[in-house]
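*Asks:* One structure follows; several queries about it will come next.
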Amino acid sequence: MSIKERVVFLDRAAFTTDDLPIPSFDHNWSEYPATEAADLVPRLFWATTAITHACPLDAGSIDQLHKLSRVVVTGPAAVDDKACEARGIVVRILPASDTPGPALISLLESLVRAA
């Protein structure tokens, strides 16, 4: 039995105004136009996947996110790679693309399949 993925996009407004395709895996999707530092842990607490464009993820926040398995970075966000590595969290940077929305969903689907 597979676990339902919980995907949280922390700062969707900074990414692209294009519609995102619906991922093919079983999931709950939450997205926020922007996320302040005080809202980071509450928004990601149940997440298995975090997507961030410019919202930083520091070691203190990462240490509180026990369900997080992967982080996808779509822009200049600073993510504490060492804290992620210590917890076994996969960090991937979205490659530049002419179709960023479909590229993001394709990357997410490949990460979930690989898990």
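None of the figures in this text is laboratory data; all of them are computed from the coordinates on show. All of these numbers come straight from a predicted model, not from anything done at the bench. Cβ sites come from the backbone with ideal geometry, for glycine too, and all protein chains shown count toward neighbours.
*Asks:* Binned at 5 Å from 0, what are the whole-percent values of the Cα-Cα distance distribution for region 68-115, short to long?
*Replies:* P(r) for region 68-115, in whole percents per bin: 5, 21, 29, 23, 16, 5, 1.
*Asks:* PRE reach from ALA96 (point 7 Å along Cα→Cβ): which of region 1-25 fall under 18 Å by backbone N?
*Replies:* 15-16
*Asks:* Tell me, how many Å apart are the Cα centres for region 15-49 and for region 81-100?
*Replies:* Cα centres, region 15-49 to region 81-100: 15 Å.
*Asks:* Next question, about the same structure. Report the local net charge at TRP46: Lys and Arg +1, Asp and Glu -1, summed over other residues whose C-beta lies under 12 Å from its C-beta.
*Replies:* For residues surrounding TRP46, the net value is +3.
*Asks:* By average Cβ neighbour count within 10 Å, what is the ranking of 28-35, 52-59, 99-106 from highest down?
*Replies:* Put in order of decreasing packing, that is 52-59, 99-106, 28-35.
*Asks:* Next question. Please report the projected area of region 5-114's Cα convex hull averaged over all directions, in nm².
*Replies:* For region 5-114, averaging the hull's shadow over all directions gives 6.1 nm².
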